[in-house]
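Comments concern the structure below.
The values are calculated or read from the model by the stated rules, or taken from the named source; none is laboratory data. Quantities reported herein were computed from a predicted structural model and do not represent experimental measurements. Note: ideal-geometry Cβ built from the backbone for every residue, glycine included; neighbour counts use all protein chains shown. SASA here: full protein model, heavy atoms, side chains in, ligands and nucleic acids out. Shrake-Rupley method; radii C 1.70, N 1.55, O 1.52, S 1.80 Å.
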Amino acid sequence: MRVHVVSDVHGNSRDLAAAGEGADALVCLGDLVLFLDYADHSRGIFPDLFGAANAAALVELRTARRFEEARALGRRLWGELDAAGASRESVIEGAVRRQYAELFAAFPTPTYATYGNVDIPRLWPEYARSGTTVLDGQRVEIGGRVFGFVGGGLTSPMRTPYEISDEEYAAKIEAVGEVDVLCTHIPPDVPELCYDTVARRFERGSAALLHAIRTTRPRYSLFGHVHQPLARRVRIEGTECVNVGHFNATGTPYVLQW
(Lines give C-alpha, C1' and ligand atoms only; values in the text may rest on other atoms or scores of the structure.)
Protein backbone atom coordinates (compact mmCIF):
# COMPACT_ATOMS: atom_id res chain seq x y z
CA MET A 1 0.00 0.00 0.00
CA ARG A 2 1.29 3.45 -0.90
CA VAL A 3 -0.27 6.70 0.36
CA HIS A 4 0.96 10.17 -0.58
CA VAL A 5 0.48 12.95 1.98
CA VAL A 6 0.53 16.72 1.36
CA SER A 7 -0.10 19.78 3.50
CA ASP A 8 0.04 23.55 3.05
CA VAL A 9 -0.78 23.45 -0.64
CA HIS A 10 -1.39 27.21 -0.70
CA GLY A 11 -2.56 27.46 -4.29
CA ASN A 12 -0.14 24.98 -5.90
CA SER A 13 -2.72 23.27 -8.11
CA ARG A 14 -0.16 22.32 -10.77
CA ASP A 15 1.84 20.01 -8.49
CA LEU A 16 -1.30 18.89 -6.66
CA ALA A 17 -2.63 17.41 -9.91
CA ALA A 18 0.41 15.09 -10.01
CA ALA A 19 0.67 14.43 -6.26
CA GLY A 20 -1.26 11.17 -6.41
CA GLU A 21 0.73 9.57 -9.23
CA GLY A 22 1.84 6.07 -8.23
CA ALA A 23 -0.20 6.14 -5.00
CA ASP A 24 -3.24 4.18 -3.90
CA ALA A 25 -4.62 7.27 -2.14
CA LEU A 26 -3.81 10.92 -1.44
CA VAL A 27 -4.13 12.49 2.01
CA CYS A 28 -4.31 16.29 2.26
CA LEU A 29 -3.84 18.03 5.61
CA GLY A 30 -5.20 21.41 4.64
CA ASP A 31 -4.31 25.00 3.93
CA LEU A 32 -5.40 24.95 0.31
CA VAL A 33 -5.85 28.72 0.14
CA LEU A 34 -3.01 31.10 -0.72
CA PHE A 35 -3.68 34.43 0.97
CA LEU A 36 -0.10 35.67 1.21
CA ASP A 37 3.16 34.00 0.14
CA TYR A 38 5.96 34.86 2.56
CA ALA A 39 8.59 33.90 -0.02
CA ASP A 40 7.04 35.56 -3.08
CA HIS A 41 5.13 38.68 -2.11
CA SER A 42 3.49 38.92 -5.54
CA ARG A 43 1.44 35.72 -5.04
CA GLY A 44 -1.86 35.38 -3.23
CA ILE A 45 -5.16 37.10 -2.53
CA PHE A 46 -3.60 39.96 -0.55
CA PRO A 47 -1.10 41.15 -3.20
CA ASP A 48 -3.72 40.68 -5.92
CA LEU A 49 -5.83 43.24 -4.08
CA PHE A 50 -3.24 45.59 -2.60
CA GLY A 51 0.01 45.06 -4.50
CA ALA A 52 3.33 43.36 -3.73
CA ALA A 53 4.74 46.36 -1.83
CA ASN A 54 1.95 46.28 0.74
CA ALA A 55 2.26 42.50 0.94
CA ALA A 56 6.00 42.83 1.67
CA ALA A 57 5.26 45.41 4.38
CA LEU A 58 2.72 43.11 6.01
CA VAL A 59 5.15 40.17 5.97
CA GLU A 60 7.86 42.34 7.55
CA LEU A 61 5.55 43.43 10.37
CA ARG A 62 4.29 39.91 11.06
CA THR A 63 7.78 38.45 11.01
CA ALA A 64 8.87 41.08 13.53
CA ARG A 65 5.82 40.11 15.65
CA ARG A 66 4.48 43.64 15.36
CA PHE A 67 0.97 42.29 15.09
CA GLU A 68 -0.87 45.46 16.09
CA GLU A 69 0.92 47.42 13.36
CA ALA A 70 0.18 44.64 10.90
CA ARG A 71 -3.52 44.79 11.79
CA ALA A 72 -3.47 48.59 11.48
CA LEU A 73 -2.03 48.29 7.96
CA GLY A 74 -4.71 45.75 7.09
CA ARG A 75 -7.49 47.95 8.48
CA ARG A 76 -6.28 50.91 6.40
CA LEU A 77 -6.10 48.91 3.18
CA TRP A 78 -9.44 47.18 3.70
CA GLY A 79 -10.97 50.52 4.67
CA GLU A 80 -9.89 51.95 1.32
CA LEU A 81 -11.48 48.97 -0.42
CA ASP A 82 -14.70 49.39 1.57
CA ALA A 83 -14.77 53.05 0.62
CA ALA A 84 -14.61 52.00 -3.02
CA GLY A 85 -17.82 50.00 -2.53
CA ALA A 86 -16.49 46.46 -2.07
CA SER A 87 -16.91 44.47 1.14
CA ARG A 88 -13.98 42.54 2.58
CA GLU A 89 -16.01 39.36 3.08
CA SER A 90 -17.37 39.19 -0.47
CA VAL A 91 -14.01 39.96 -2.07
CA ILE A 92 -12.17 37.31 -0.03
CA GLU A 93 -14.86 34.69 -0.53
CA GLY A 94 -14.86 35.28 -4.28
CA ALA A 95 -11.08 34.84 -4.43
CA VAL A 96 -11.18 31.73 -2.23
CA ARG A 97 -13.91 30.21 -4.38
CA ARG A 98 -11.79 30.66 -7.50
CA GLN A 99 -8.87 28.92 -5.80
CA TYR A 100 -11.05 26.10 -4.45
CA ALA A 101 -12.56 25.41 -7.88
CA GLU A 102 -9.08 24.87 -9.31
CA LEU A 103 -7.62 22.99 -6.34
CA PHE A 104 -10.45 20.54 -5.71
CA ALA A 105 -10.50 19.74 -9.44
CA ALA A 106 -6.83 18.73 -9.11
CA PHE A 107 -7.46 16.14 -6.36
CA PRO A 108 -7.07 12.54 -7.57
CA THR A 109 -9.41 9.71 -6.57
CA PRO A 110 -9.41 8.73 -3.78
CA THR A 111 -8.42 11.75 -1.69
CA TYR A 112 -8.94 12.07 2.06
CA ALA A 113 -8.71 15.67 3.26
CA THR A 114 -9.06 17.85 6.33
CA TYR A 115 -9.00 21.61 6.84
CA GLY A 116 -6.09 23.91 7.59
CA ASN A 117 -6.27 27.08 9.63
CA VAL A 118 -6.54 29.30 6.52
CA ASP A 119 -9.35 27.26 4.96
CA ILE A 120 -13.08 28.03 5.02
CA PRO A 121 -14.81 24.73 5.89
CA ARG A 122 -18.34 25.83 4.99
CA LEU A 123 -17.31 26.14 1.33
CA TRP A 124 -15.77 22.68 0.99
CA PRO A 125 -19.03 20.74 0.38
CA GLU A 126 -19.59 22.82 -2.75
CA TYR A 127 -16.25 21.79 -4.29
CA ALA A 128 -15.46 18.31 -2.95
CA ARG A 129 -16.28 15.95 -5.80
CA SER A 130 -17.06 12.23 -5.70
CA GLY A 131 -13.83 10.54 -4.67
CA THR A 132 -12.82 13.25 -2.20
CA THR A 133 -13.70 12.47 1.44
CA VAL A 134 -13.56 15.36 3.92
CA LEU A 135 -12.94 14.36 7.56
CA ASP A 136 -12.61 16.36 10.78
CA GLY A 137 -12.69 14.59 14.13
CA GLN A 138 -13.35 11.38 12.20
CA ARG A 139 -11.68 8.08 11.22
CA VAL A 140 -11.39 6.09 8.02
CA GLU A 141 -9.72 2.82 7.03
CA ILE A 142 -7.18 3.02 4.21
CA GLY A 143 -5.49 -0.20 3.12
CA GLY A 144 -6.18 -1.96 6.39
CA ARG A 145 -4.90 0.87 8.64
CA VAL A 146 -7.08 3.30 10.56
CA PHE A 147 -6.43 6.99 9.86
CA GLY A 148 -7.81 9.70 12.14
CA PHE A 149 -8.24 13.30 10.94
CA VAL A 150 -8.42 16.55 12.91
CA GLY A 151 -8.42 19.85 11.00
CA GLY A 152 -7.95 23.52 11.76
CA GLY A 153 -5.62 25.45 14.02
CA LEU A 154 -5.70 26.92 17.51
CA THR A 155 -6.45 30.56 18.30
CA SER A 156 -3.46 32.81 17.60
CA PRO A 157 -2.54 36.47 17.02
CA MET A 158 -2.75 35.78 13.26
CA ARG A 159 -6.56 35.39 13.48
CA THR A 160 -6.80 33.06 10.48
CA PRO A 161 -10.23 31.82 9.31
CA TYR A 162 -10.39 28.36 10.93
CA GLU A 163 -8.95 28.74 14.42
CA ILE A 164 -10.74 27.06 17.31
CA SER A 165 -10.34 26.89 21.08
CA ASP A 166 -8.04 24.39 22.80
CA GLU A 167 -11.12 22.72 24.30
CA GLU A 168 -12.87 22.24 20.95
CA TYR A 169 -9.68 20.91 19.40
CA ALA A 170 -9.12 18.49 22.29
CA ALA A 171 -12.69 17.18 21.87
CA LYS A 172 -12.00 16.35 18.23
CA ILE A 173 -8.76 14.58 19.15
CA GLU A 174 -10.67 12.54 21.75
CA ALA A 175 -13.39 11.68 19.23
CA VAL A 176 -10.79 10.19 16.89
CA GLY A 177 -9.47 7.85 19.59
CA GLU A 178 -6.90 5.14 18.91
CA VAL A 179 -5.68 5.02 15.29
CA ASP A 180 -2.70 3.78 13.33
CA VAL A 181 -2.05 7.14 11.65
CA LEU A 182 -3.08 10.42 13.28
CA CYS A 183 -3.44 13.14 10.64
CA THR A 184 -3.71 16.78 11.73
CA HIS A 185 -2.97 20.17 10.24
CA ILE A 186 -1.00 21.47 13.23
CA PRO A 187 1.85 19.68 15.05
CA PRO A 188 1.92 18.37 18.61
CA ASP A 189 3.17 20.92 21.12
CA VAL A 190 6.86 20.07 20.81
CA PRO A 191 9.17 23.14 20.50
CA GLU A 192 11.36 21.84 17.67
CA LEU A 193 8.27 20.91 15.65
CA CYS A 194 6.55 24.26 16.24
CA TYR A 195 9.40 26.72 15.60
CA ASP A 196 9.59 28.19 12.09
CA THR A 197 13.23 29.02 11.32
CA VAL A 198 12.39 31.52 8.54
CA ALA A 199 9.44 33.31 10.14
CA ARG A 200 11.47 33.19 13.40
CA ARG A 201 8.52 32.41 15.63
CA PHE A 202 6.75 29.54 17.33
CA GLU A 203 3.51 28.44 15.71
CA ARG A 204 0.85 26.97 17.97
CA GLY A 205 1.03 23.23 18.50
CA SER A 206 -1.53 21.15 20.36
CA ALA A 207 -1.00 19.83 23.88
CA ALA A 208 -4.05 17.58 23.41
CA LEU A 209 -2.46 16.06 20.33
CA LEU A 210 0.80 15.47 22.21
CA HIS A 211 -1.14 13.79 25.02
CA ALA A 212 -2.97 11.56 22.53
CA ILE A 213 0.32 10.52 20.94
CA ARG A 214 1.75 9.56 24.33
CA THR A 215 -1.33 7.66 25.47
CA THR A 216 -2.65 6.00 22.29
CA ARG A 217 0.71 5.56 20.51
CA PRO A 218 -0.22 5.66 16.83
CA ARG A 219 2.39 4.43 14.36
CA TYR A 220 2.56 7.89 12.80
CA SER A 221 1.55 11.45 13.60
CA LEU A 222 1.47 13.41 10.33
CA PHE A 223 0.98 17.18 10.12
CA GLY A 224 2.06 20.38 8.36
CA HIS A 225 1.39 24.04 9.27
CA VAL A 226 4.99 24.97 10.14
CA HIS A 227 6.61 25.66 6.79
CA GLN A 228 10.30 25.59 7.83
CA PRO A 229 10.43 23.69 11.13
CA LEU A 230 13.52 23.36 13.27
CA ALA A 231 13.00 19.58 13.05
CA ARG A 232 10.90 17.72 10.48
CA ARG A 233 10.79 14.46 12.43
CA VAL A 234 10.69 13.65 16.12
CA ARG A 235 10.08 10.24 17.67
CA ILE A 236 7.83 10.23 20.73
CA GLU A 237 8.02 6.79 22.31
CA GLY A 238 6.68 4.50 19.56
CA THR A 239 5.26 7.23 17.32
CA GLU A 240 7.05 8.77 14.35
CA CYS A 241 5.99 12.43 14.24
CA VAL A 242 6.53 13.85 10.75
CA ASN A 243 6.02 17.29 9.25
CA VAL A 244 5.03 16.22 5.73
CA GLY A 245 6.31 19.47 4.24
CA HIS A 246 5.31 22.79 2.74
CA PHE A 247 3.79 21.47 -0.50
CA ASN A 248 3.41 24.93 -2.03
CA ALA A 249 7.21 25.24 -2.05
CA THR A 250 8.33 21.65 -2.62
CA GLY A 251 5.61 20.18 -4.85
CA THR A 252 6.61 16.79 -3.45
CA PRO A 253 4.32 14.59 -1.34
CA TYR A 254 5.44 12.60 1.70
CA VAL A 255 5.27 8.87 0.95
CA LEU A 256 3.84 6.36 3.43
CA GLN A 257 4.18 2.68 2.49
CA TRP A 258 3.32 -0.61 4.14
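Secondary structure note: in the chain, about 40% of the DSSP beta bridges are antiparallel. Charge tally for Ala113 (other residues, Cβ to Cβ under 12 Å; Lys, Arg +1; Asp, Glu -1): -2.
So if each residue of separation counts as 0.36 nm, and I subtract the Cα-Cα distance between Thr109 and Ala83, what length gain in nm does that give?
Values: separation 26, 0.36 × 26 = 9.36 nm, distance 4.43 nm.
Length gained between Thr109 and Ala83: 4.9 nm.
For every helix of n ≥ 4 consecutive DSSP H residues, a contribution of -39,500 (n - 2.57) applies; sum these over the chain, divide by its total residues, and give [θ] at 222 nm rounded to the nearest 500 deg cm²/dmol. Before the final figure, lay out the partial values.
Working: 10 runs with 91 residues, N = 258.
-10000 deg cm²/dmol, from helical runs alone.
Carbon-plus-sulfur fraction of the accessible area of the chain, 1.4 Å probe, in percent?
Details: 5500 of 11250 Å².
Of all accessible area on the chain, carbon and sulfur atoms account for 49 percent.
Note on the range 180-240 and the range 20-48: Cα centroid distance 20 Å, given to the nearest whole angstrom.
With every protein chain left in place, what is the accessible area per residue of the range 48-142 in square angstrom, probe 1.4 Å?
Values: 4810 Å² over 95 residues.
On a per-residue basis, the range 48-142 sits at 51 Å².
Computed over the chain, the Cα gyration tensor eigenvalues convert (square root of 5λ each) into semi-axes of 30, 21, 16 Å, ordered from largest to smallest. Reported to the nearest whole Å, the Cα centre-to-centre distance from the range 93-122 to the range 58-91 is 24.
The overall shape of the range 123-195, judged from the alpha-carbon gyration tensor, is oblate: a/c is not under 1.5, and a/b is no greater than b/c.
Largest GNM mean-square fluctuation across Pro47, Pro157, Pro229, computed for the chain with C-alpha springs under 10 Å, falls on Pro157. Each residue of the range 5-18 was assigned a 3J(HN,Hα) from its phi angle through the Karplus expression (A = 6.51, B = -1.76, C = 1.60, θ = phi - 60°), giving 10, 10, 8, 6, 5, 6, x, 7, 6, 4, 6, 4, 5, 9 Hz with x at Gly and Pro.
Would you mind classifying the range 62-166 by shape? Square roots of the alpha carbon gyration tensor eigenvalues, ordered a ≥ b ≥ c; an a/c under 1.5 is rounded, otherwise it is prolate if a/b is larger than b/c and oblate if not.
Working: a/c = 3.33, a/b = 1.69, b/c = 1.97.
Oblate shape, in that a/c is at least 1.5 and b/c is the bigger or equal ratio.
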